[in-house]
Amino acid sequence: MTATADLRERRMRDIRPGRIIRWTILFIGGVLMVTPLLYMFSTSLKTPGQIYDLRLIPAAPTLANYVEVLSEGEFPRWFLNSSIVAIVVTVSNLFFDSLVGYTLAKFRFRGRRLIFIAILSTLMIPTEMLVIPWYLMSAQFGWLDSYWGIMFPGMTTAFGTFLMKQFFETVPDDFLEAARIDGMNEFTIWWKIAMPLVTPALSALAIFTFLGNWTAFFWPLIVTTSKELYTLPIGLTSFAVEQAIRWEMIMTGAALATIPTLLVFLALQRYIVRGVMLAGLKG
Amino acid sequence: MTRLHLLAGASAFACLAGSAQAVEIEYWQYIYDTRVEAMDQLIAAFEEANPDITVNQVTFPYADYQTRIVAANMAGQGPDVMQLFYGWADKFIEGGLIQPLPEDVFPPEQIEEEFFPIVSAMERDGQYYGLPTAVRSLALFWNKDLFAEAGIEGPPETLDELIEIGQQLTQKNDAGNFEVVGMTLDMAGQDHQWWREVLVRQMGGQPYSDDYSEVTYDDEAGTEALQFYTDLANVHEIGTPGFMDEGQAAFRAGRAAMTIDGTFRLGSFSEIEDFEWGVAELPANAEGLQSNYASYFANAIGAGAEGEEYDAAVKFLEYISSEEAMAVWLDVVGELPARREAAMTDENMADPIYGPFLAALPYAHTTLFVDEAAQRQVAIDMANRVLLEDQSPADSIAAAAEEEQEIIDDARD
Amino acid sequence: MATITLDKLTKRFGRTEVIHGIDLAIADGEFVVFVGPSGCGKSTTLRMIAGLEEVSGGQIRIGDRVVNELDPKSRNIAMVFQNYAIYPHMTVRQNIGIGLYTSKLDKDEKARRVEEAAKLLGLEPFLERRPAALSGGQRQRVAMGRAMVRDPVAFLFDEPLSNLDAQLRAQMRIEIKALHQRLGSTIAYVTHDQVEAMTMADRIVVMRDGHILQQGRPMDIYSNPVDVFTARFIGTPSMNILAGGIEGDAPVARKGGPILLGVRPQDLLIGSAAGQVADTSGLTLWGPVTAVEPTGPETLVHFDVDGETVIGTAPGDEIPEVGARIEARAPAGAIHRFDASTKKALEPS
Amino acid sequence: MTHPTDHDTVPTRPLISQPRMSMRMRSNLWVWCFLAIPLVFYVVIRFYPTFNAFWLSLTDWDLMSDAEFIGFENYRDMFADDDFWKTFWNTFEYLIYGTPTSLVIAFVIAYYLDKVRFAHNFLRALYFMPYITTAAAMAWVWRWFYQPAPTGLINGVLGEVGIGQIEFLKSTTWALPSIMVTAIWAGLGFQIIIFMAGLRAIPDTYYEAARMDGLGEWAILRKITLPLLKPTMVFLVVFISIAFLRIFDQVYNMTTNDPGGPLGSTKPLVLMIYQTAFSSYDMGQAAAQTVVLFTILLVVSLLQLWVLRERT
C-alpha cells in the first residue's frame, strides 16, 4: 500500500503545474456540495425576521429554534424510533443475512442452488411492488402503526445475503473443518469461527443497512400513522408540513434529522467510506 | 312503533339490571388535541346524565382513520358512534359502515328546520345518516396593518373592490418581484373551494348538479369564474400563485394583505404577533350575491351497533348534536355550531372573528366530494393550465370538467 | 491410542466413484503416510477417517468402534491442515486451547495442557501473539499444538508442510517424526511429496486413482516397487524406464522390447564411477549428453538413448560436456523388470 | 441433537453404537435449521407479496369491498390514461437526463480527486457528506433554495446579480430538472467513492507501462482507464438508473402542496403509485402500476446482465 502510494506521489509530482489550480477547483466544488448543509444550519440559527437575509453567517445566531423544536416537537421521540428501527433491522440483517449467506456458501445440500437463485431473484422485485400486499398484510395482522410494521420488510435482504455469501466463500474450508474436529457444533463454528473472519464485510453490511433504514421514507410513510411512531424522516415531513412554510423551523428540523448521521460520519469516516466501497463493489 | 317498543323494553331491562350492568359504547374520532378534549368534556357530561352508559373514546390519527374503520368493521368490531367527514358518506354507506338515524328520534323535517342547510350532505333518499356537532366555513382574512398603511379602511365587500383594494396593497421591488401581494392565490389551499362553490355561483352558474353526480361548471359562468380567478394574477397582478409557497405562510409572514381561509386556520393565525388581522365575509358579486363553502365532520351510528348498544348510541348522538354540546365545542375547538339557534346568538354574531364565518352559514354550500384530494388536484391543474401554459380558460375548464366527471363516475359506479 | 481400520472403504461423489473399496489396517502407534499424485484419493480417504466426508460404502473403525456415521468430534482424532487452520482473530493460546473445546477438564488443567504443548513445541514466548505475527513454521507448530492438547487417539495430517519453504519443510519433517517417536501416537499423514513419505513413514501407502497400489516399509517400496507407477513415484529423480529385453542373462534396452527395464539414476553410473561396475550381466547404455545438473557430491547427467531421455549419475567432480557421447552402466541387481503391457513388476530380480 | 462425547476419559470401548441419524442427515438438519426462519421470511414477505401484487392488479380492490377479478381492465384503463403516460415519461426524463449527468460529474470528480494527496480525506468528506444525509430533510432544504424571492437563496443570488426570477418548482419546465438536481446531488458522493474504488483497482503497472510507451494523459485515460473501468461503469449506470426510476422522497417532499408539481410535471411513477394506493385507495389500479415499474426495472437489470456478458 505504501509502495503504491509512493508511486502515486511520484506520478503526481510529474504533473505539478496544474496541481494547485486543480486542488482549488476541487475544493470549491466540495464547498458547493456542502452548501445546502451550511445554509440549513445557518437558517436554523436565524429568527423568522432574519430569514430573508441571505448571508451565510447569521447576524445574531440563536438557538431558540432548537429549543422550541426540541421542547415542543416530538423530535426526540422520532430520533428514538429511527434508532430502534435502524438498529434492530441492522442486527437482524447481520445475523440472518450472514447465516443464510454462510449456509449457501459452505454447505452442500439438495436445493442449495434453487434457494440461492430464488433469494437472488427477489433483488429484481422493487419494494414499491410489495408495498400494497405488505399494507394489506399489516392491516390484517394489526401491524400497521407499530415498530414491527416498520421493520418487518427489511429483516433480511437478498443484497445482504448475497454480499455475505460472497465473503464467506473466501473463507477456507480448513478453518471450519478444524473447528468441526475440535468438537464445535455447526452454529458455534459459524458464530465463533466464520463470523470473525468476515468482519470487514459485516461492518460494510452494517453501515449500508443502518444508513438505508435511517433514511428510509416510502414504507414508513405508508405504515406509520401516529406521531409517536414516526421515524425521523417521516416526522420531519409531517413537522415541515405542519410548520406551514416556517423555513427557520423547517431548517431546524432538517438539521436535527441530519446532525446524528453527520456526527457518526465524521467519527467513522474511514470505515464508512471503506464499507461503501466494499459493499458497492461486491454487491 | 316497534322501535319505540324495543326502546321501552330495553330501558326497562336497563333499569332492572341496574347501573352495575352499564352499557358500554365506543366513540371514534381522529386525533386532534382540542377535539379530543372537547369530546372528553361532552362524554363526562353525558355519563353524568346517563349513569348506565359508559362511552369510551377511541382515537386514531387522521391519515389512518378511514382504514381503521374499514378494518374494524370487517372484523365486526366497529365503533357504535363515529365521526366521519361528510365527503366520505357515500363510501361509508355503500360499504355498510354506518346505518341511518332513527326517524323517530331524529325526524328529517326537524333536522332541516333546526340545522344549517349544509347538513343535507348527510341525507340519502330522505334518510339522514349523521349529524354534525360543528361546521366550518370560509372567510377573508385581512392584514389590518397593511390596510392602514395603504390608507384603506376596511375589507372589500364585492369582487370589484377586491381587485381594486388588492392592487393598492400590492408592493413590488425594483426587479419587479412581489414584496407584498394584495391577495394570496393558492388553489392548493382553500381557493379551489372558493372557486367551485363561490365564484362559479357568483358568475351565475352552478358547479354541479343538485345531487353532485354531474359536473356542470363547464359553461360560460364557469369560464368567467376561472377567468376572474386567473386574471387576479395575470391581469390585475394582485398576487402570484405559489408566493411564499403557501398562501397562509405569506399571510402569516405579513407579506399578503388578504387571504381566503377557513375556521380551522384561526388557531395558527392566533399566534401572529407582528400585526393585527381581521376576518370578513367573502366578497359578494356586483349583484350582491354571496356564497360560501362549508364542511363538517358528522357523527354517525356504526352499522354494528345493536340492541342496548344501539339505544345508547342513539342517546349519545342525540346529546352530541344538542345545543349544549355545540356550545362546548365552539368554546373548546373554535368550530361553529351546526344548529341555527346555537350559532346565531347575538353574542356569536357580534363576535368579530366568529361573526363573519357564522353569517356565511345560511347561504353556504357543501360539495359532495367523492375523492377530495383528486378533485382538488383537478382544480389546481385547471388553474395552472391557464397560469403556466396560457391555455384559454374555456379549454381548461372543459378539460377539468371532463376529468372530474370521470373521477365522480368511477367512484359512483 | 488406537488402531484405524478401513474395510472396503468406498467414496462416491454423485455417480463418480473416487475411492474403490480400499482395505487398510493402521496399527496402534504406527505412522502411515498416504502418498500419490493429486486426485488419487489420499486426501479424501483421510477426510473420511476424520469424519469430514461421508462414507459411501464400507467401514471405518477406530479402535473397535465403527465410526462411519460419527461426528468428527466423537471420533477423538486430531487433524492438522495444509493451511494450518489457526484463527487470525485468536491468540496462540486461544488457538491451542480450541483443541480442548469439548473437553470437560477444569480450567486450570486446560491451561496446563496448553502450556505443556506450547513448551513442547517451543511456542511459549508467543502464547499471547496473534497468528499474523508468527512465521510459517510457528503457525504450523500452533496447529500441531492444538492437535496435541487433546491427547487424541490418532493424528491426521493433511499435507501439513506444503505451504512451507524447502528448508523449513525439512526441519518440520524431523520435528514431526521426533514428536511421533515421543508420543507414540497413531498417525495418518497425507502428502504428495515422496521425500516426506520416505523420511517419516513407518509404512507408506501408495495410492492412485482411488486404489491402493502398494503398501509397505519405505525401503521395501523403494527397492521393490510393484509397478512402474510406484517405481517412478518413489525416489528422486524418478526411476528411468526403458523398453528392452533380456539377451543371454543381461538386460538390453531396445525399442519395442517385450519388457520394461527400470533403473534408478543413482544406480546408473557414468564416467569413472561406471568403471567400478564390473557386473557383465548389468545394463549398459550409450548416448549423447543433453544436460548436466551438478549437485555437488554428484552430477546428474541427462543423456539420450534412442530418443528417450535417461538420467545417470557421475561423480561430483566429473561434469561431461553437453553433446559428448557417454557410456552408463548399472549392475544387474539394480535393474527392475516390468511387464510392458500390464506395467506390473516381474518376479523380483 | 448431538451426543455428549464420553471418550475423553475412556478412549476405547467396544461399542458399535451408531447415532440415530446419519452424518448427512445431521448436516441437513443444521442447514434447514439455519435456513428455516429466513426462508419463511422470504416466502411470506417477498414471494407471496410478489404474486399477490400481480393478482391484485387484476382486481378492483379498494379496501372497502372485496376484491373482484376484473381481468386486464386496470391495465386497459392505465394505458388509456394520459396522466399515466405523462408520469411514465416524467420517470424516463429523470432517468435519461439524470443518469448520464450523474455519471459524468461523478467520474470527473473522482478522477481528479484520486490524484489529489493534499487534504485528500477532507475533500473526499466534502463530496461524500450529502450521501449520508436524509433525502427527506435535504428535499426541504432544496425546496427552500428554490423559493422565489424574497425567500429562496438561488433567486436571491440571481436577483443580486440582476437576473430575473426563475420559478423553479412552480414552473412546468423547471420543476423536474430542479428536483433532478437535488437527486443528483444526493447520490454523487456514493458514485464518486465507487469510481475511486474502481480507479484504485487498476494496477499502477498499467500506467507505468503506458507512460513508458509514451502515451499522454489523455490517451491513457481513453485507452486504459476508461476501458478498465467498464465494470464499475455498468454497475453505476444500473444503480443510478434504478435510483432514478424509483425517485420518490424528493418529489414527495418538494411538492407537498401540489403533489407531483404543477400539472403533474414532476410526478414519477412511484408517486403515482402512492397516490393511487394510499390516497385514492384504488389498490387494484395501483398494483397494475407497480407491475409496470417492475417490468421496467427488470428490463434494466437484464440489460446489465447482457452488457456484462458481452464483456467476457
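The values are calculated or read from the model by the stated rules, or taken from the named source; none is laboratory data. Because the structure is predicted, anything quoted here is derived from the model rather than measured. Please note: Cβ atoms are built from the backbone with ideal geometry, for glycine as well, and neighbour counts cover all protein chains shown. The area values use the complete protein model at the heavy-atom level, side chains included, leaving out ligands, DNA and RNA. Shrake-Rupley method; radii C 1.70, N 1.55, O 1.52, S 1.80 Å.
In the context of the full set of protein chains, residues of the range B:195-311 present 34 Å² of accessible surface per residue (probe radius 1.4 Å, heavy atoms only).
Interface residues of the range C:96-129, defined as those losing at least 40 Å² of solvent-accessible heavy-atom surface relative to the isolated chain (probe radius 1.4 Å), are listed as C:101, C:102, C:104. Where only DSSP H runs of four or more residues are counted, chain C gives -7000 deg cm²/dmol as its mean residue ellipticity at 222 nm, each run worth -39500 (n - 2.57).
Ordered by solvent-accessible area of protein heavy atoms (1.4 Å probe), largest first, the residues A:266, D:215, A:114, D:35 come out as A:114, A:266, D:215, D:35.
Selection among C:157, C:4, C:59 by position relative to the dipole of the range C:4-228 gives C:157 as farthest towards the positive end (Cβ unit charges, Cα centre).
Counting only protein heavy atoms, what percent of the accessible surface of chain A is carbon or sulfur at a 1.4 Å probe? Accessible surface attributable to carbon and sulfur in chain A totals 67 percent.
Wrap a convex hull around the Cα atoms of chain B, take a quarter of its surface area, and give that in square nanometres. Before the final figure, lay out each step's value.
On the way: hull surface 84.8 nm².
So the Cα hull casts an average projection of 21.2 nm².
Which links in A:106/C:343; A:165/C:11; A:165/A:227; A:192/C:177 stretch past 31 Å when you go from one Cα to the other? Listed pairs above 31 Å: A:106/C:343; A:165/A:227; A:192/C:177. Largest GNM mean-square fluctuation among A:182, A:53, A:173, using chain A with Cα springs under 10 Å: A:182. In the context of the full set of protein chains, residues of the range C:4-228 present 39 Å² of accessible surface per residue (probe radius 1.4 Å, heavy atoms only). Qualifying GluC sites (Glu not before Pro) in the range A:128-236, where qualification requires a DSSP coil assignment and no more than 15 other C-beta atoms within 10 Å, comprise A:169. Here the range B:97-171 and the range C:45-113 have alpha carbon centers that stand 86 Å from each other. Listed by number, the DSSP H helices of chain B that run 18 Å or longer by alpha-carbon position along their axis and have mean Kyte hydropathy of at least 1.0 are B:2-17. Could you let me know the centre-to-centre spacing of the range B:233-255 and the range B:363-392, using Cα atoms, in angstrom? Between the Cα centres of the range B:233-255 and the range B:363-392 lies a distance of 18 Å. The Cβ shell under 15 Å around residue D:165 holds other residues with a net charge of -4, Lys and Arg each +1, Asp and Glu each -1.
Largest accessible area first, the listed residues B:125, B:211 line up as B:125, B:211 when surface is computed with a 1.4 Å probe on the assembled protein chains. Buried accessible surface for the D/A pair, both sides summed and rounded to the nearest 100, is 9000 Å² with a 1.4 Å probe. Each stretch of four or more DSSP H residues adds -39500 (n - 2.57); spread over every residue of chain A, this sum gives -23000 deg cm²/dmol at 222 nm.
With a 1.4 Å probe and all protein chains left in place, how much of the accessible area of the range D:102-199 comes from carbon and sulfur atoms, in whole percent?
Heavy-atom surface of the range D:102-199 belonging to carbon and sulfur, 1.4 Å probe: 70 percent.
Chain D packed on chain C takes about 1700 Å² of accessible surface away from a 1.4 Å probe, both sides summed.
Calculated from DSSP H runs of 4 or more alone, at -39500 (n - 2.57) each and per residue, what is the 222 nm mean residue ellipticity of chain D, nearest 500?
Values: 14 runs with 197 residues, N = 312.
The helix-only estimate for chain D comes to -20500 deg cm²/dmol at 222 nm.
Accessible area of residue A:175 (1.4 Å probe, protein heavy atoms only, ligands and nucleic acids ignored): about 30 Å².
An oblate overall shape is assigned to chain D, the ratio a/c of its alpha-carbon gyration tensor axes (a ≥ b ≥ c) being 1.5 or greater and a/b not exceeding b/c. With the cut-off at 1.5 for a/c, could you classify the range C:103-170 from its C-alpha gyration tensor as rounded, prolate or oblate? Note, shape of the range C:103-170 comes out oblate.
Just checking the listed ones, B:207, B:283, B:61: in the Gaussian network model of chain B with Cα springs under 10 Å, the one fluctuating most is B:61. Counting only alpha carbon atoms, the long axis of helix C:136-149 and the longest principal axis of chain C meet at about 60°. Of interest is the spacing of the C-alpha centroids, which for the range C:207-251 and the range D:149-185 amounts to 89 Å. When the alpha-carbon atoms of the protein assembly as shown are used, the pair Rg, Dmax equals 43.4, 147 angstrom. Set the Cα radius of gyration of the range C:232-317 against 2.2 N^0.38 Å, with N its number of residues, and you get 1.06.
Report in % the part of the accessible area of the range D:25-68 that belongs to carbon and sulfur, leaving out ligands and nucleic acids; probe 1.4 Å. Answer for the range D:25-68: carbon and sulfur cover 74 percent of the accessible area. With the solvent-accessible surface defined on protein heavy atoms using a 1.4 Å probe, which residues belonging to the range A:211-225 display a reduction of at least 30 Å² in accessible area in the multichain context relative to the isolated chain? Residues passing the criterion (a loss of at least 30 Å², heavy atoms only) are A:211, A:215, A:217, A:218, A:221, A:222, A:225.
Comparing each chain alone with all protein chains together (probe 1.4 Å, DNA, RNA and ligands left out), the residues of the range B:228-248 losing at least 50 Å² of accessible area are B:244, B:245, B:246. Looking at chain D, the accessible area is 43 square angstrom per residue; that uses a 1.4 Å probe and ignores ligands, DNA and RNA. Which of B:26, B:237, B:113 moves the most in a Gaussian network model of chain B with Cα springs under 10 Å? Largest GNM mean-square fluctuation: B:113. Solvent-accessible area lost on pairing A with B (1.4 Å probe, both sides summed) amounts to about 1000 Å².
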